[in-house]
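Asker: For reference, the structure I am asking about is given below.
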């Protein structure tokens with residue numbers, strides 16, 4: 001049996017598929033008839049998908065898909081109206097599950113570019129918003145994206161210059177950083193352990209394509225003073241499951 005949040009994702013994509021398959025705009029009632037979902041359920045989901053940019057509402061109240069094709073042969077590309085909507089939706093659901101701020105990012109010109117964020121008030125997180133660029137070597141998202149990058153790309157990144165220590169915990173030694181990359185690939189997740197900001201711990205996992213490369217990454221932020229090694233493992237496991245769901249949806 002599906003858990004409530006997994007069922008929510010299934011319902012959302014059932015509605016999206018109905019709109020993508022239609023050759024015209026559909027009313028809420030028509031979407032309900034096509035999907036077999038209750039009218040109030042469809043109406044509620046369409047409003048959430050509209051807010052996430054995954055659907056568009058026309059002046060007459062009917063809906064069309066806000067998605068555009070995002071798959072090109074064997075490679076997936078980040079697209080403002082499609083893929084980013086998927087990440088926004090999953091970040092929100094994941095933030096509800098974990099009760100912590102969740103973010104998604106890609107590598108852009110050797111920097112971390114945040115493409116989605118779901119904030120939970122009252123909990124610490126990196127001061128960022130969608131569209132923000134941050135350094136990769138000292139953030140969980142950046143480290144996991146670098147760890148899953150082709151070896152030549154990683155070496156090219158490391159040749160750009162010295163790593164500036166932002167906190168006493170920032171990894172600045174090249175060999176230590178290479179060992180960190182190896183450890184991340186072995187574990188399947190990265191930890192920014194107060195390396196970007198003292199008192200803040202971030203756990204990140206890759207969102208993988210079919211060839212094993214990372215198209216993006218997901219992270220959760222927590223207070224370093226209260227999270228335990230067991231918490232880190234638990235967060236990582238939950239993130240990995242969500243990352244697999246995103247990979248399947250793309």
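Asker: Can you find a residue in segment 235-248 that is without any contact (Cβ under 8 Å) to a residue 60 or more places away in the chain and buried (at least 21 other Cβ atoms within 10 Å of the Cβ)?
Answerer: Checking segment 235-248: at least one residue is without any contact (Cβ under 8 Å) to a residue 60 or more places away in the chain and buried (at least 21 other Cβ atoms within 10 Å of the Cβ).
Asker: Which of the strands (runs of 3 or more DSSP E) found entirely inside segment 162-250 contain at least 2 residues meeting this: touching a strand residue (DSSP E or B) at 6+ places or on another chain (Cβ under 6 Å), on the phi > 0 side of the Ramachandran plot and assigned by TED's automatic domain parsing to the domain that holds residue 113?
Answerer: Numbers: elements: 190-193, 200-208, 214-223.
Filter on segment 162-250 gives an empty set.
Asker: Among the residues of segment 100-115 satisfying the criterion of being within 15 Å of residue 202 (Cβ to Cβ) and without any contact (Cβ under 8 Å) to a residue 60 or more places away in the chain, which is nearest to the chain's Cα centre (by Cα)?
Answerer: Filtering segment 100-115 for residues that are within 15 Å of residue 202 (Cβ to Cβ) and without any contact (Cβ under 8 Å) to a residue 60 or more places away in the chain, the one nearest to the chain's Cα centre (by Cα) comes out as 114.
Asker: Now for a different question. Determine, yes or no, whether residue 198 is within 24 Å of residue 130 (Cα to Cα) and without any contact (Cβ under 8 Å) to a residue 40 or more places away in the chain.
Answerer: yes
Asker: Oh, and also: Which members of segment 175-209 meet the condition of being more than 24 Å from residue 245 (Cβ to Cβ) and in contact with a helix residue (DSSP H, G or I) (Cβ under 6 Å, 6 or more places away or on another chain)?
Answerer: 181
Asker: Return a yes/no flag: does segment 140-147 have any residue that is touching a residue at least 12 places away in the same chain (Cβ under 8 Å) and either part of a loop (DSSP other than H, G, I, E, B) or surrounded by fewer than 14 Cβ atoms within 10 Å (Cβ to Cβ) (or both).
Answerer: Scanning segment 140-147 turns up no residue that is touching a residue at least 12 places away in the same chain (Cβ under 8 Å) and either part of a loop (DSSP other than H, G, I, E, B) or surrounded by fewer than 14 Cβ atoms within 10 Å (Cβ to Cβ) (or both).
The values are calculated or read from the model by the stated rules, or taken from the named source; none is laboratory data. Worth saying up front: this structure is predicted, and the values here are computed from it rather than measured. We place every Cβ from the backbone using ideal geometry, glycine too, and count neighbours over all the protein chains shown.
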